[in-house]
Amino acid sequence: MSFSRRSLLKATAASAVIGGVGAPLVARAQQAEFSYKFANNLPDSHPLNIRAKEMSAAIKTETDGRFDLQVFPNSQLGSDTDTLSQLRSGGVEFFTLSGLILATLVPAASINGMGFVFPDYPTVWKAMDGDLGTYVRKEVAKANIVAMEKIWDNGFRQTTSSTKPITGPDDYKGFKIRVPVSPLWTSMFKAFDAAPASINLSEVYSALQTKIVEGQENPLALISTAKFYEVQKYCSLTNHMWDGYWFLANRRAWEALPDDIRTIVSNNVNGAALKAREDTAKLNATVRDELASQGLAFNQPDAAPFREKLRSAGFYSEWKGKYGEEAWSLLEKAVGKLS
């Protein structure tokens, strides 16, 4: 499947700036034995929803119409917090959610966002398709939620600035940077002696424009769609955090399905996740070229000094204590010694 650059750029704005209610992507079948809702916070044309639409059609065909998966994009069924509550109660059967947000319920789920630990995508998939991902899914199961095997790609986060490129950890010292409302983000940037400010995404452009903050950090696609390049000069490919979406199921609803249908659904969900990863990789390359053409200056600093600064500041030791020995050892198994 191919995507146009324009449609994909429009598609990848963060959920916090997306709204609107419309018809689900997949029409409800008249005679389905099981009709389940899948909610997510991304727009219709995002790779996740393009692949979800394909996935839904394939599941319907392979189950001879017994299973109908209705896809509700654009946070149609509520905010992330609201929809997570609906998932737990059974009002929604499926939901994709960032591990960093899921951590409000399952603390271990944010471990994939640990700062400067993943050098590249092969290392991400080694961890999240391997033992670390297995551990997180077991922790999710304790909340009576089932996480599918393959996590969907949200992307690496990069740092933009109006004042200077970030070439090493010292450039963060005193740097006024917008961060999401999250202990993990605040903790990391404070370890760099930066000045992190928690600001809602919808207010970031104006905060950059009025110099309340010098910079912000987000995946490239959002930097483009939110037009941060209009009020920023530099984009440092820090790759400081990676995030993904877990495909979550209400346990009761999941276990109510016959084994054969469960197998078909899980196979298609995991297969779609792998295809969406490829889509996102292509999109990221295109977005970088687009941002460069808008005048954003790119640089790619070495990650090692950043990791050393976090280590000496006690950041890794602090979060090792929060996640526990088992989770931390599985992370280090994939990325190497951190603390």
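The values are calculated or read from the model by the stated rules, or taken from the named source; none is laboratory data. Because the structure is a prediction, the values reported are computed rather than measured. We place every Cβ from the backbone using ideal geometry, glycine too, and count neighbours over all the protein chains shown.
Does the range 76-87 contain at least one residue that is surrounded by fewer than 19 Cβ atoms within 10 Å (Cβ to Cβ), over 17 Å from the mean Cα position of the chain (by Cα) and free of Cβ contacts under 8 Å to residues at least 12 places away in the same chain? Checking the range 76-87: at least one residue is surrounded by fewer than 19 Cβ atoms within 10 Å (Cβ to Cβ), over 17 Å from the mean Cα position of the chain (by Cα) and free of Cβ contacts under 8 Å to residues at least 12 places away in the same chain.
Can you work out which of the residues in the range 39-55 that are buried (at least 24 other Cβ atoms within 10 Å of the Cβ) and modelled with pLDDT of 95 or more is nearest to Thr81 (Cα to Cα)? Across the range 39-55, the extreme among qualifying residues is Ala39. Look at the range 167-182: where a residue is farther than 17 Å from Tyr205 by Cα and a partner is at pLDDT below 95 and assigned to a loop (DSSP other than H, G, I, E, B), sitting 6+ places away or on another chain with Cβ atoms under 9 Å, you get Ser182/Ala103. Checked against (1) outside the structural domain of Arg252 (by TED's automatic domain parsing); (2) out of contact with any helix residue (DSSP H, G or I) (no Cβ under 8 Å at 6 or more places or on another chain), Ser162 meets all criteria but (2).
The residues on offer are Ala253, Ala273, and the sole one that is in the same structural domain as Glu149 (by TED's automatic domain parsing), touching a Gly at 6+ places or on another chain (Cβ under 8 Å) and not in a strand (DSSP E or B) is Ala253. Scanning the range 56-71 for residues that are more than 16 Å from Trp246 (Cα to Cα) and in a strand (DSSP E or B) gives Phe67, Asp68, Leu69, Gln70. Exactly one residue out of Tyr36, Tyr135 is of a type outside the set (Asp, Glu), at pLDDT 95 or above and not in a helix (DSSP H, G or I), and it is Tyr36. Filtering the range 157-170 down to residues that are surrounded by fewer than 21 Cβ atoms within 10 Å (Cβ to Cβ) and of a type outside the set (Gly, Ala, Ser), which residue is nearest to Leu291 (Cα to Cα)? Checking each candidate, the answer is Pro165.
Collect the residues in the range 186-216 that are in contact (Cβ under 8 Å) with a residue 12 or more places away in the chain, part of a helix (DSSP H, G or I) and touching a strand residue (DSSP E or B) at 6+ places or on another chain (Cβ under 7 Å), keeping them in residue-number order.
Listed by number, the residues that qualify are Thr186, Phe189, Val204, Ala207, Leu208.
When the range 213-231 is filtered for residues that are hydrophobic (A, V, I, L, M, F, W, C) and under 23 Å from Ser45 (Cβ atoms), the ones remaining, listed by number, are Leu220, Ala221, Leu222, Ile223, Ala226, Phe228.
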